[in-house]
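In what follows, a structure is listed as structure tokens, so that the remarks can point back to it.
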Amino acid sequence: MSLSIGIVGLPNVGKSTLFNALTKKCVPAENYPFCTIDPSVGIVPVPDERLYKLADFSKTNRTIPAVVEFVDIAGLVAGASKGEGLGNKFLANIRETDAILHMVRLFPLTGGDKEIAHVYGNVDPMRDIGVINLELVLADFETVTKRISNIQKDTKKGDKEALLEEAVLKRVYDALEAEKLANSLEYTEEELKKVKQLNLLTSKPMIYGLNKKAGVKNLDEENPEYFKKMTDEIIKNGSNFILIDAKIEDELKDFEGEEKDMFRKEMGGEHDGVNDLIAGCYKLLGLETYFTTGVEETRAWTIKKGSTAPVAGMAIHTDFKDKFIRAEVVFWKDLLDAGSYGEARAKGKVRTEGKDYIVKDGDVVEFKI
């Protein structure tokens, strides 16, 4: 399953710095707007200690984690929906992703070794969020307006599918006109299919990365009432947020384990924001993980929450859905606690499940086809 998160935000809020930290891959991150002209793509493993415990249990030769694709998209500015700052190109790049990571700057203009400019001259996260979201809204407004116009011929003929699409798009139109995101609306299953066809920017799930800087007074400390108002608004709109110090995470990208934790504390960092962010994005997309494990390979497989066993098997190979006979399932911790498959089976922890079984996060599955 190919999953991608587009990192968006104003110039100089820490998008490319975070991307470096996420992917251990260098892209331009200099202190000036639009330094990243083409999106850079990085495949990032989802942190999951269960996978490595299972690999150790099986004495496996190869361990393969679940992954998320992050796309570093150049900074947007007001007017991007009309082409300002190469905005149309960048908005097209966002349209291809499954979800949006909206980076927001909390750190001040000065502090530390150098001044980091802000495109609007001062730090105001709620304004910045509004600028980016409005550009996404305006781009979608144009898309929806064109689509409503294009289906008029069919709606006049009384075509049922066209009438259904027109009805839901008019609701989306009204929301966008009120500067609300398309994902703020509730849809029936049929309506959702129609909306998804347009691949709207504001219908994508969104998570906010609130970027702070160690050793300086960030906005959450400078103005806690403003910060609470902002985060309450994010949550009210159905999104979530992660606090992160992109600069520290970038500097620590080549370290691992206890050494990384030690250096983070020495630099003033509080927790592993990158792992929190990756896990948060994974959850944002409504995904779960099941495992296969053996001597040759232990692997994490990505599925949509609520997948039946045959559908989950398609993550391994599309043939698994049609050729599915049954699945042997054991919860990862039950398997480890038992010490062996044989002991887990003897204790009744290994179950035989049919095609209607809903695979759970953390299941270890062996498919029989």
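The values are calculated or read from the model by the stated rules, or taken from the named source; none is laboratory data. The shown structure was predicted, so the numbers you read here are calculated from the model rather than taken from an experiment. Backbone-built Cβ (ideal geometry, glycine too); neighbour counts: all protein chains shown. The protein model used for the area step is the full one, side chains on, heavy atoms only, and it has no ligands, DNA or RNA in it. Shrake-Rupley method; radii C 1.70, N 1.55, O 1.52, S 1.80 Å.
Values as computed for the structure displayed
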item: Whole-angstrom gap from region 202-241 to region 173-198, using each part's C-alpha centre; result: 24 Å
item: Region 267-360 - Rg (one decimal) and Dmax (whole number), Cα, Å; result: 16.1, 54
item: By average C-beta atoms within 10 angstrom, highest first, the peptides 126-137, 202-213; result: 202-213, 126-137
item: Label-point separation, GLU189 to ALA346 (7 Å along Cα→Cβ), nm; result: 4.5 nm
item: Backbone HN-Hα couplings from phi across region 202-212 [Karplus 6.51/-1.76/1.60, Hz, Gly and Pro as x]; result: 7, 8, 6, x, 10, 10, 9, x, 8, 8, 9
item: Pairs from LYS323/LYS355; LYS283/LYS333; LYS194/LYS321; LYS283/LYS368 whose Cα-Cα separation, in the structure shown, is over 19 Å; result: LYS283/LYS333; LYS194/LYS321; LYS283/LYS368
item: Candidate aspartates and glutamates for bridging to LYS247, where Cα separation is under 16 Å - those fewer than 8 sequence places away on the same chain excluded; result: GLU30, ASP72, ASP113, GLU115, ASP261, GLU266, GLU270, ASP272, ASP276
item: Residues ASN240 and LYS368, FRET efficiency given R0 of 35 Å [Cβ-Cβ distance, rounded to 0.05]; result: 0.35
item: Restraint check, LYS236/LYS360; LYS213/LYS253; LYS24/LYS236, Cα-Cα greater than 27 Å; result: LYS236/LYS360; LYS24/LYS236
item: Region 113-189, accessible surface, carbon-and-sulfur percent (1.4 angstrom probe); result: 50 percent
item: Built amide H within the under 5 Å cut-off of TYR208, gap 5+; result: HIS102, ASN240, PHE241, ILE242
item: Extension gain, THR110 back to GLU225 (0.36 nm per residue minus Cα-Cα distance, nm); result: 39.2 nm
item: Computed over region 277-365: relative contact order in percent, which uses C-alpha pairs under 8 Å that are six or more apart; result: 35 percent
item: Exposure of SER239 as accessible area (Å², to 10), given a probe of 1.4 Å and all protein chains; result: 20 Å²
